[in-house]
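**Student:** Here you go, one structure.
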Amino acid sequence: MRIMLFSSQPYDRDSFSAATLPDGCSLAFQHAHLGLDTAALANNCEVVCAFINDDLSAPVLQQLAAGGTRLIALRSAGYNHVDLQAAQQLGLSVVRVPAYSPFAIAEHAVALILALNRRIHRAFNRTREGDFSLHGLIGFDLHGKTVGIIGTGQIGAAFARIMAGFGCQLLAHDPYPDSDLQALGVRYLPLDEILQQAQIISLHCPLTPGTRHLINQQSLARLQPGSMLINTGRGALVDTPALIDALKDGQLGYLGLDVYEEEAALFFEDQSDLPLQDDVLARLLTFPNVIITAHQAFLTREALSAIAETTLSNIADWAAGTPNNLVTA
Ligand code: NAI
């Protein structure tokens, strides 16, 4: 059985080659994104292994099914990019990696908070230029500050535990409160109250029709002036042009993004020789109080290894007729 990995990077090749390959399977690595123009590369591949910026819309799934694909094995937890109804109608199974290392993403969110607060990105550049001045680098103690966590699943819970260690007050919003977190001191409140009370907001909920542009002009207006927003969830959880307005008038004091609504055309590739065509991203990059990373929160050795092992065992389970980690419409 041939497994075609789209959007694969050298680190995917390393982690999948080191993982346990099910009997009778072979791997084919394809650097290109999956889309209408590349789906034919998977002809005769029973399994297509896709990542977050691959196109898994109905027309692409139709082409894959026509070429003999029967399983879509996602190398991600998120599945907002898959047309699950179309997959079901075409008889395609979809599996995912529900949890590989929540710590990887939670720790990256904390890295963004610390770097933004203590202006590490500016200090790094300054000292390398021989500028040892401290103006503009004043931070704040995290101890005693109020942090709002939107979504307390695997990643949000790991993030809450780290921030509790800093001595922060923790507020959370999630339709399913976690009693272990409540025992840790986390208070669940409606979203609006969190926006008003927290100095730092971190997004850890999935992208769904209900959470699309959860952070928009109206919700940003409810924040305390100068608040910090961190998004390691999905780009479309926030209305990006509204963020630019909030940064311009100081309503937003700090912004850390690992995801961007229009990232599919840019992230994971070296575009440094090309003029940046995305004017919204270009404007965001001009703010000294904004740090953008290119969807790297998952990128730890432990997470890559767990993604490869779980993906291949998902494929083995499906081939054995006992599918695991299925995603259904
Ligand atoms: P999870 O499924 O364990 O937790 C999600 C939580 O969000 C659940 O508790 C759910 O009840 C809650 N939720 C759903 N709708 C909500 C709403 N409207 N408001 C508040 N909470 C809501 O998922 P996990 O593993 O914690 O991942 C969260 C998200 O993080 C993923 O959906 C994915 O988009 C993103 N992610 C980002 C990565 C990166 O590299 N930047 C890597 C992995 C995941």
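**Student:** Scan the stretch 254-284 for residues that are open to solvent by 20 Å² or more (accessible area, probe 1.4 Å) and either in contact with a Cys (Cβ under 9 Å, 6 or more places away or on another chain) or among the aliphatic types (A, V, I, L, M) (or both) and jot them down.
**Tutor:** A264, A265, L266, L274, L276, V280, A282
**Student:** Same structure again: List every residue pair whose Cβ atoms sit under 6 Å apart, with the two residues 6 or more apart in sequence or on different chains, where the first one lies in the stretch 50-61 and is not assigned by TED's automatic domain parsing to the domain that holds E269 and the second, anywhere, is at pLDDT below 95 and aliphatic (A, V, I, L, M).
**Tutor:** Taking only residues 6 or more apart or on different chains, the pairs are N53/A264.
**Student:** When you look at Q251, is it more than 11 Å from the ligand (Cβ to nearest atom) and open to solvent by 70 Å² or more (accessible area, probe 1.4 Å), yes or no?
**Tutor:** no
**Student:** What are the pairs, 6+ residues apart or on separate chains, where a residue within the stretch 236-261 that is on the phi > 0 side of the Ramachandran plot has its Cβ under 7 Å from a residue that is open to solvent by 10 Å² or more (accessible area, probe 1.4 Å)?
**Tutor:** Within 7 Å, the pairs are G250/P225; G250/G226.
**Student:** Show me the strands (runs of 3 or more DSSP E) entirely contained within the stretch 1-59 in which 2 or more residues are out of contact with any Asp or Glu (no Cβ under 9 Å at 6 or more places or on another chain) and open to solvent by less than 50 Å² (accessible area, probe 1.4 Å).
**Tutor:** 26-29, 47-50
**Student:** For the stretch 202-227, enumerate the residues that are open to solvent by less than 30 Å² (accessible area, probe 1.4 Å), more than 21 Å from E263 (Cβ to Cβ) and of a type in the set (A, V, I, L, M).
**Tutor:** Answer for the stretch 202-227, where residues must be open to solvent by less than 30 Å² (accessible area, probe 1.4 Å), more than 21 Å from E263 (Cβ to Cβ) and of a type in the set (A, V, I, L, M): just L223.
**Student:** Just checking, does the stretch 46-63 include any residue being more than 16 Å from the ligand (Cβ to nearest atom), more than 22 Å from A236 (Cα to Cα), in contact with a strand residue (DSSP E or B) (Cβ under 9 Å, 6 or more places away or on another chain) and of a type in the set (G, A, S)?
**Tutor:** no
**Student:** Please tell me if L189 is surrounded by 13 or more Cβ atoms within 10 Å (Cβ to Cβ) and touching a Gly at 6+ places or on another chain (Cβ under 6 Å).
**Tutor:** No: the conditions fail for L189.
**Student:** Let me ask something else about it. Looking at T240, T211, T286 in this structure, which one is within 20 Å of the chain's Cα centre (by Cα), of a type in the set (S, T, Y) and away from the ligand (no atom under 12 Å from the Cβ)? First the steps, then the outcome.
**Tutor:** Working: T211 fails: away from the ligand (no atom under 12 Å from the Cβ); T286 fails: within 20 Å of the chain's Cα centre (by Cα).
None of the others qualify; the one that does is T240.
**Student:** Now, a different point. Considering only the stretch 65-76, state which residues are among the aliphatic types (A, V, I, L, M) and either in contact (Cβ under 8 Å) with a residue 40 or more places away in the chain or in contact with a strand residue (DSSP E or B) (Cβ under 6 Å, 6 or more places away or on another chain) (or both).
**Tutor:** L71, I72, A73, L74
**Student:** Also: Could you tell me which residue of the stretch 228-241 is farthest from I52 (Cα to Cα), considering only residues that are open to solvent by 10 Å² or more (accessible area, probe 1.4 Å) and out of contact with any His (no Cβ under 8 Å at 6 or more places or on another chain)?
**Tutor:** P241
**Student:** For L74, all conditions in the list (1) in contact with a Lys or Arg (Cβ under 6 Å, 6 or more places away or on another chain); (2) surrounded by fewer than 19 Cβ atoms within 10 Å (Cβ to Cβ) hold save one; what is the number of the exception?
**Tutor:** (2)
**Student:** Going through the stretch 91-114 one residue at a time, which ones are open to solvent by 40 Å² or more (accessible area, probe 1.4 Å) and either of a type in the set (K, R) or more than 9 Å from the ligand (Cβ to nearest atom) (or both)?
**Tutor:** Answer for the stretch 91-114, where residues must be open to solvent by 40 Å² or more (accessible area, probe 1.4 Å) and either of a type in the set (K, R) or more than 9 Å from the ligand (Cβ to nearest atom) (or both): G91, R96, F103, E107, A111, L114.
**Student:** Same structure again: Restricting to the stretch 165-186, name every residue that is more than 11 Å from the ligand (Cβ to nearest atom) and either within 20 Å of the chain's Cα centre (by Cα) or open to solvent by 40 Å² or more (accessible area, probe 1.4 Å) (or both).
**Tutor:** G165, F166, Q169, S179, D180, Q182, A183, L184, G185, listed by residue number.
**Student:** Report yes if I155 is touching a His at 6+ places or on another chain (Cβ under 6 Å), within 21 Å of G78 (Cβ to Cβ) and within 16 Å of the ligand (Cβ to nearest atom), otherwise no.
**Tutor:** yes
The values are calculated or read from the model by the stated rules, or taken from the named source; none is laboratory data. What you see is a predicted model, and the numbers here were worked out from it, not measured in a lab. All Cβ positions, glycine included, derive from the backbone under ideal geometry; neighbour counts span all protein chains shown. Note: accessible area is taken over every heavy atom of the protein model, side chains too, but ligands, DNA and RNA are not part of it. Shrake-Rupley method; radii C 1.70, N 1.55, O 1.52, S 1.80 Å.
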